[in-house]
Each structure stands twice: as C-alpha cells, then as structure tokens.
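A short worksheet on the structure shown next.
The values are calculated or read from the model by the stated rules, or taken from the named source; none is laboratory data. Quantities reported herein were computed from a predicted structural model and do not represent experimental measurements. Positions of Cβ are generated from backbone atoms using ideal geometry, with glycine treated the same way; all protein chains shown enter the neighbour counts. For the accessible areas, the whole protein counts, side chains as well, though only heavy atoms, and no ligand, DNA or RNA atoms are used. Shrake-Rupley method; radii C 1.70, N 1.55, O 1.52, S 1.80 Å.
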Amino acid sequence: RRLMPPFTLGAAALFWGWQAGFLPVGLAMGLALEARVLLRSRWDLTRTDFNRASDVSAVLLVLVAVYQAVAHDVAKAVTGVIQWLPLLLFPLVACQLYSVAGRVETAVFFWSQRTRPDRTPLVDLAPAYFGLCLLAASTANARTTFYAGLVALSAWALWSVRGRAGVLRWGGALLLAALLGWAGHL
C-alpha cells in the first residue's frame, strides 16, 4: 500500500524550490518524481545500484557540508546543509520510486551491512522525503507563505490516512492543529 497520495512528493519538491529560491530545480525535481505516475515501466535495480545512489547522495552531502562549513558560520552552515537536503537525497529517492521493488533495503545506508548476503528490511523513503522537503523549505524563513503551504501540503498528505473519522471531524482536528501551531509560533 502506498503511504503517500499521488503528486504530494512533487508538490513538496516544488514547494521547497519555491521557498528556498530554487524554483526551477524544485520544478524539475517535482516533475521527475511524479512522472512515474505516467511512466509505467520500472527498473529492476539491485542492491548494488541502490548502494551507488546512496553513495552519490552521501558524497554530495559531504561536499555541501564542507562548503557550508568553510563559507559560513556554524548556524548558517547547518541551515544551509538542511536547505540542500532534498536535492542531495534526490538520486536515492528517485531510484526507489522508479524501481520494481518500490522500497529500499536498509543495508544501503550502512556500509557495514552492505556485505551481508541476506536481505535487510525494506523501507519507503517517500514519507521521510516529504517531511524533509518541508523542513528544508522552512529554512528559507519566508514568513508570508510558508505556514499556509505547510498546512496545505500536510493536509493533502494526511488525507489518505485519516481513517474512519468523518470529514468534518478530521477537518476540525486539522484546523485546530493549524491554529494551535500558529498560536505557538506567535
């Protein structure tokens, strides 16, 4: 069962690009992530393929972290690294979404487990990537549009897992959470 409704990942990537000032990059990433809905063919990727995608993401992360540490003070460097995470992890998430398996073995994240011949548990990176896009978008600190976008995207993602609650009850709970979040912010 898919955890994320269609087009939410693409919308989150687009939102990140818009908020962070990387709109063309966010648009391209969003289109690439959601093109899988139209393209039915999938790749039969092996653990080695996923290892390579994970390694590309790890190398990009190290390079960005070193650059941010050299170019900025510590607080701005951490914020800068977080802001780039959706782009840095894009290769791994794209491999998952376009793979036959549709999930990633946890061994790809740990070099010590990569040599184990047995299969490790599979995880779906889509929900975490969605949250990461929202977190990265928050680092841009666009106070005028960020919170409304955060609430709208979160509602869209949560709609499919609302359970048996009626629409009014679910909407009321969402509205209450959004108002409490806004009040906490103030």
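Tabulated results
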{"item": "In region 21-49, the residues that are open to solvent by 20 Å² or more (accessible area, probe 1.4 Å), touching a residue at least 12 places away in the same chain (Cβ under 8 Å) and under 19 Å from Leu135 (Cα atoms)", "result": "Gly21, Phe22, Val25, Leu27"}
{"item": "Pairs where the first residue, in region 51-77, is closer than 20 Å to Arg114 by Cα and the second is open to solvent by 70 Å² or more (accessible area, probe 1.4 Å), C-beta under 7 Å, 6+ apart", "result": "Ser54/Phe109"}
{"item": "Residue that is most open to solvent (accessible area, probe 1.4 Å) [pool: residues in region 141-160 that are in a loop (DSSP other than H, G, I, E, B) and small (Gly, Ala, Ser)]", "result": "Ser160"}
{"item": "Filtered residues of region 93-140 (kept if in a loop (DSSP other than H, G, I, E, B), open to solvent by 20 Å² or more (accessible area, probe 1.4 Å), in contact with a strand residue (DSSP E or B) (Cβ under 9 Å, 6 or more places away or on another chain) and on the phi < 0 side of the Ramachandran plot)", "result": "Tyr98, Val100, Ala101, Arg103, Arg119, Pro121, Asp124, Leu125"}
